[in-house]
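Below: the structure, in structure tokens.
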Amino acid sequence: MGKIIGVDLGTTNSCVAVIDGGEPLVLPNSEGSRTTPSMVGFTEEGEQFVGQQAKRQAIINPELTVYDIKRLLGHKYNSDQVEKYAEILPFNIVENTNGDAWVEVDGDRYSPQEISSLILRKMRQTAEDYFGEEITEAVITVPAYFNDAQRNATKDAGKIAGLTVRRIINEPTAAALAYGYEETDHANLVVFDLGGGTFDVSIVQLRGGVFEVVSTAGDNHLGGEDFDRVVLDFLMERFEEDTGIDVSDDRMALQRLKEAAENAKCELSTASETNINLPFLAVDDSGPRHLSLDLSRSQLNDLCYELIERLDIPCNDAMDEAGLSNSDIDDVLLVGGMTRMPAVQKRVEEIFDRKPHKGVNPDEVVAKGAAIQSGILGGEIQEVILLDITPFSLGIRVSGDRFSPIIDKNAPVPTSATKIFTTTEDNQDVVTVTVLQGEDDKASANKLLGMFNLTGISPAPAGKPRIEVTFEIDTDGIVDVSAKDLNTGASQSITVEGHSGLSSEELQRAMKRSEKAEASKTFA
Ligand code: AMP
């Protein structure tokens, strides 16, 4: 059997690892880096570059560089998230024919799945270069908060990259694996994951070698980029105070400021002061104007105070939902590059009343866990049972626009559950099963996953027929729904799988385009 790679497909950075000699090994990319920026750059000639090269050209060519694509995966164009996102990104977000959010680069449209596939392809290439053999299988991680559409979109990204996605696993589960807890018999863990774009807190329980994510909470709009943004705003203000020049509409200057802000933030994790130097940031009548200033760690902490305060609520929510208090926790595991910031670590210590565990490099921990899962699938590592949870309740619409949950939020997956329903009218011969995901009592306030009709119900007074509705969720979180009239045996079912947003033609087209690009070696 060939190697199965473990990929952390991150919002800002991605990382690939494999099991080698029974241990997870992070593979360096062609530029020698162990993590790769999740950025895709395009040239006017139609070439594509992934990673550091894309990040570098982002400054000169913001319109031809796509980043943060994970935020768009599985999203509709007309959603609050996409609206918010459109405001801050230099590239065009467009509405695809089916209402999904796609990106437009130099007149060409790309699905987020296709952009993600380019990043995955680079990860695949990294592993192929290392082993000198073709890699066709992967385990990919996703945030615990990812819904069905987002998980399926991730799978399709893998498919376009020529990878069979053997498993999608939740990032906190991967982190717990990478921290070596499969050897532990009993533990309650907090996985605190503050990455570039998202914040997730999960409570993972270990019982006799079984991992179970018992609760998750988080903030999809809190990550390193927000910290960069407050520093960027500060730099912009200071530049305007000094020079009278407002660079907020100058994309080129903004990109440079963004990079300088991020570098300063990272440096201040180890140094107490740093100098920010951006020559030729703007030009006015007096000639070129430069930005040069010192920033201290305490200034950075002041600027980021509100962001750091936002870490509390999700932590408390996850603990409440798990029904645990600080004294029940055995370890707090840090995941995500942002957890290197001392003020973040201090806050974690205050929230959970203990020093967090920093044993594994926070940028690599998720990919290492994915590799361990790959090793389990490939038979290189002894079986560990993994139980994930469904992050949302799943159920159907019943009369009066009410939502009837069938599988409750935080139920361990794989799982299945059944409920009996009936008709509301005499001689009703068809019922529509409307599959929903969410927590609102009102059906229409929840997310629609799919619909189907069960026909052939035998004539009977309202309330008489017994219709059994079964929900099944597999290990990847893919949902199967079936309905059966217990009287006639008539049944009907759907798999809520086609919800990645791509039609099969779009998928085929993306795969062709991707193969063609690979053949012409345009991937960096
Ligand atoms: P990740 O999504 O885990 O790759 O995390 C990426 C985020 O971590 C980015 O916002 C980085 O700027 C941030 N990051 C990486 N290294 C450091 C560091 N030493 N100090 C603070 N933030 C960092």
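Across the range 210-217, in residue order, what do the Karplus-derived ³J(HN,Hα) couplings come to in whole Hz, using 6.51 cos²θ - 1.76 cosθ + 1.60 with θ = phi - 60° and x for Gly and Pro?
Each residue of the range 210-217 in turn: 9, 8, 9, 7, 8, 7, 9, 8 Hz.
Given the whole protein assembly as supplied and a 1.4 Å probe, what does the accessible area of V360 come to in Å², nearest 10?
So the heavy atoms of V360 present about 20 Å² to solvent.
Ignoring any ligand, DNA or RNA, what whole percent of the accessible area of the chain comes from carbon and sulfur when the probe is 1.4 angstrom? Numbers along the way, then the final one.
Details: 9770 of 22080 Å².
C and S atoms contribute 44 percent here.
Residues with amide H under 5 Å of L449's amide H, sequence separation 5 or more or different chain, H placed in the peptide plane at 1.01 Å from N; which?
Sorted by chain and number, the residues that satisfy this are V435, L436, Q437.
With every protein chain in place, what's the accessible area of M451 (1.4 Å probe, Å², nearest 10)?
Probe radius 1.4 Å; accessible area of M451 about 110 Å².
For Q81 and R109 in one chain, what is 0.36 nm times their gap in residues minus the Cα-Cα distance, to one decimal in nm?
Numbers: separation 28, 0.36 × 28 = 10.08 nm, distance 1.97 nm.
The span from Q81 to R109 would gain 8.1 nm if fully extended.
Determine the principal axes of the Cα atoms in the range 155-265, then give the extent along each, sorted from largest to smallest and rounded to whole angstroms.
64, 36, 20
With unit charges on the beta carbon (Lys/Arg positive, Asp/Glu negative), name the residue among A149, L222, N98 whose Cα is farthest towards the positive pole of the charge dipole of the range 86-232.
A149
Taking 0.36 nm per intervening residue step and subtracting the Cα-Cα distance, what contour gain separates D312 from K447 on full extension?
45.9 nm
Please report the accessible area of R167 (heavy atoms, 1.4 Å probe, ligands and nucleic acids excluded) in Å², nearest 10.
Its heavy atoms expose roughly 50 Å² to the probe.
Write down Rg/Rh for the range 250-358, rounded to two decimals, with Rg from the C-alpha atoms and Rh from the Kirkwood relation over Cα pairs. Show your work: numbers first, answer last.
Details: Rg = 18.6 Å, Rh = 16.4 Å.
Answer for the range 250-358: 1.14.
Ordering T270, T154, T470, T164 by accessible area with a probe of 1.4 Å, largest first, what comes out? Write down the numbers at each step before the final one.
Values: T270 125, T154 0, T470 25, T164 80 Å².
Greatest to least solvent exposure: T270, T164, T470, T154.
Give the Debye-formula value of log10 I(q)/I(0) at each listed q (0.10 Å⁻¹), with one equal scatterer per alpha carbon of the chain, two decimals each.
With no solvent term, the Cα-only Debye profile gives -0.84.
Using a 1.4 angstrom probe on the protein heavy atoms only, could you order R229, R71 from most to least accessible area?
R229, R71
In nanometres, what is the gap between the two model label sites at S325 and Q428, each 7 Å from Cα along Cα-to-Cβ?
Each label point is offset 7 Å from its Cα along the Cβ direction, giving 4.8 nm.
Ignoring ligands, DNA and RNA, what accessible area per residue does the chain give at 1.4 Å, in Å²? Don't skip to the answer; put the middle values down first.
Numbers: 22080 Å² over 524 residues.
On a per-residue basis, 42 Å².
Using 0.36 nm times the number of residues separating Q492 and N263, minus their current alpha carbon distance, what extension gain do you get?
Extending this stretch completely gives an extra 76.9 nm.
Please list the non-local residues whose amide H lies under 5 Å from the amide H of H357, H modeled 1.01 Å from N, same-chain partners needing a gap of 5 or more.
V332, L333, L334
Could you give each residue of the range 340-357 its phi-based ³J(HN,Hα) in whole Hz, using Karplus coefficients 6.51, -1.76, 1.60 with θ = phi - 60°, and x for Gly or Pro?
Taking θ as phi minus 60°, the curve returns 7, 5, x, 5, 5, 4, 5, 5, 4, 5, 5, 5, 9, 6, 6, 6, x, 8 Hz for the range 340-357.
Set Lys and Arg Cβ to +1 and Asp and Glu Cβ to -1, take the dipole of the chain about its Cα centre, and tell me which of V201, S416, P28 lies farthest positive.
Final value for the positive-end residue is S416.
Enumerate the amide H contacts of A144 below 5 Å, restricted to partners 5 or more residues apart or on another chain; note that Pro and chain-start residues carry no placed amide H.
E171
Taking loop as defined by DSSP and a crowding limit of 11 other beta carbons within 10 Å, which trypsin sites (Lys or Arg not before Pro) in the range 268-363 fit?
Numbers: sites: R289, R297, R310, R340, K346, R347, R354, K358; in loops: R310, R354, K358.
Of the trypsin sites (Lys or Arg not before Pro), not one in the loops of the range 268-363 has a Cβ with at most 11 other Cβ atoms within 10 Å.
Using helices alone, what [θ] at 222 nm do you get for the chain, with -39,500 (n - 2.57) per DSSP H run of 4 or more residues, divided over all residues and rounded to the nearest 500?
Details: 13 runs with 159 residues, N = 524.
Result for the chain: -9500 deg cm²/dmol, rounded to the nearest 500.
The values are calculated or read from the model by the stated rules, or taken from the named source; none is laboratory data. None of the values given here were measured: they were computed from a predicted structure. Backbone-built Cβ (ideal geometry, glycine too); neighbour counts: all protein chains shown. Remember, those area values only see protein heavy atoms, side chains included, never the ligands or the DNA or RNA. Shrake-Rupley method; radii C 1.70, N 1.55, O 1.52, S 1.80 Å.
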